[in-house]
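Only one structure is covered here, and it is reproduced in the block below.
The values are calculated or read from the model by the stated rules, or taken from the named source; none is laboratory data. Values in this document were obtained by computation on a predicted structure and should not be read as measured data. Here the Cβ positions follow ideal geometry from the backbone for every residue, glycine too, while neighbour counts run over all protein chains shown.
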Amino acid sequence: MAEPARLRAALEHWQQWSPPPPARPQPLAELTGGRVNRSYLVGSGDYRAVIRLNNPRSAALGIDRASERAVIAALASKPYTANCYYCDAETLVSEYIDGQPWSAQQWQSRTEQRRLAAVVADYAAQGELAGVRRYDYRAYCSGYIDQLPTQQQGSWQGLLTLAAGIDRQLAGQPRQLVHHDLTAANVIEAERGLVVLDWEYAGLSAGAIDLLGWQPAAADSAWQRQLRELTEQLCKLWERLG
């Protein structure tokens, strides 16, 4: 396949990857499905890796790349993360995970949910990791809202009020690492077990957030209802900007 200019530039660093490929990798396929970045499978002999070209609008989309690098480094020894081979402000080069994204049926299966919940519990227990962003939800939501046309911003004031209330409650709680985009598409069933992809929205927040995706809304506590409303509104807001 042809090499787009940004991919060609990313491949110039191949000798800095760890472990390094035996020779300059060649692009094998573009990996479709992602909505934020562009990713390519590359290879050299039996060596395989995935190059992710970061979206130039990452900051506008609420992504903190320095924080993401800190998360990747902190979880580097975990079997449920893809090994990182190289990372800078523009690219992430990681292990190619040979497996299948979870289906809707797996996502809804109680047995599979318990497996994933064990992974969530493990990374949530890492504590307040150095260099990882602490979510300030009012400021985070404002960063999105300020990009909207002025005439649309007023309709999101309720979200700012909700976010400020959540921030106040979080101020009195220990923070946990949350993925913040835990969906079936980001869970890969691999030979070594479950692998969770795409940590770019990860940060320190309320651990309950990552469990809401499969927990019935009817079972929510008052706190979980607030967190669910926050995440649902953030998704709607992101769609306006994405």
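Out of 234, 194, 230, report the one residue that is more than 15 Å from the chain's Cα centre (by Cα), among the aliphatic types (A, V, I, L, M) and farther than 24 Å from residue 100 by Cβ. Full working, then the answer.
Details: 234 fails: more than 15 Å from the chain's Cα centre (by Cα); 194 fails: farther than 24 Å from residue 100 by Cβ.
Criteria check complete, one pass: 230.
For the stretch 43-62, enumerate the residues that are in a strand (DSSP E or B), more than 14 Å from the chain's Cα centre (by Cα) and basic (Lys, Arg). Let's see the steps before the verdict.
Let us first name the residues in the stretch 43-62 that are in a strand (DSSP E or B), namely 43-44, 47-53.
The next check asks that each one be more than 14 Å from the chain's Cα centre (by Cα); those that pass are 43-44, 47-51, 53.
Hit for the stretch 43-62 is 48, nothing else.
Out of the stretch 123-168, which residues are among the acidic types (Asp, Glu) and modelled with pLDDT of 95 or more? Quick ask: steps written out before the conclusion?
Within the stretch 123-168, the subset among the acidic types (Asp, Glu) is 128, 136, 146, 167.
Correct list: 136, 146, 167.
Name, by its number, the condition in (1) at pLDDT 95 or above; (2) under 23 Å from residue 133 (Cβ atoms) that does not hold for residue 25.
(2)
Going by the conditions given, is residue 34 surrounded by fewer than 17 Cβ atoms within 10 Å (Cβ to Cβ), of a type outside the set (A, V, I, L, M, F, W, C), at pLDDT below 95 and not assigned by TED's automatic domain parsing to the domain that holds residue 136? Don't jump to the end; show me each part of the working.
Details: surrounded by fewer than 17 Cβ atoms within 10 Å (Cβ to Cβ): yes; of a type outside the set (A, V, I, L, M, F, W, C): yes; at pLDDT below 95: yes; not assigned by TED's automatic domain parsing to the domain that holds residue 136: yes.
Against the criterion (surrounded by fewer than 17 Cβ atoms within 10 Å (Cβ to Cβ), of a type outside the set (A, V, I, L, M, F, W, C), at pLDDT below 95 and not assigned by TED's automatic domain parsing to the domain that holds residue 136), residue 34 qualifies.
Test of understanding: among 116, 177, which residue is closer than 27 Å to residue 32 by Cβ, surrounded by 19 or more Cβ atoms within 10 Å (Cβ to Cβ) and not assigned by TED's automatic domain parsing to the domain that holds residue 47? First the steps, then the outcome.
Numbers: 177 fails: closer than 27 Å to residue 32 by Cβ.
From the options 116, 177, the qualifying one is 116.
Does residue 30 count as part of a strand (DSSP E or B) and acidic (Asp, Glu)?
Values: part of a strand (DSSP E or B): yes; acidic (Asp, Glu): yes.
When the stated conditions are applied, residue 30 passes them.
If I ask for residues that are farther than 11 Å from residue 166 by Cβ and surrounded by 16 or more Cβ atoms within 10 Å (Cβ to Cβ), which ones from the stretch 215-227 would you list?
Selection gives 220, 224.
Identify the residue in the stretch 187-242 that is assigned to a loop (DSSP other than H, G, I, E, B) and in contact with a Lys or Arg (Cβ under 7 Å, 6 or more places away or on another chain) and, among all such residues, is farthest from residue 110 (Cα to Cα).
The initial filter retains those residues of the stretch 187-242 that are assigned to a loop (DSSP other than H, G, I, E, B), namely 191-192, 197-202, 206, 212-216, 220-221, 242.
From what's left, in contact with a Lys or Arg (Cβ under 7 Å, 6 or more places away or on another chain): 212, 220, 242.
Working: 212: 14, 220: 17, 242: 32 Å.
Out of the qualifying residues, it is 242.
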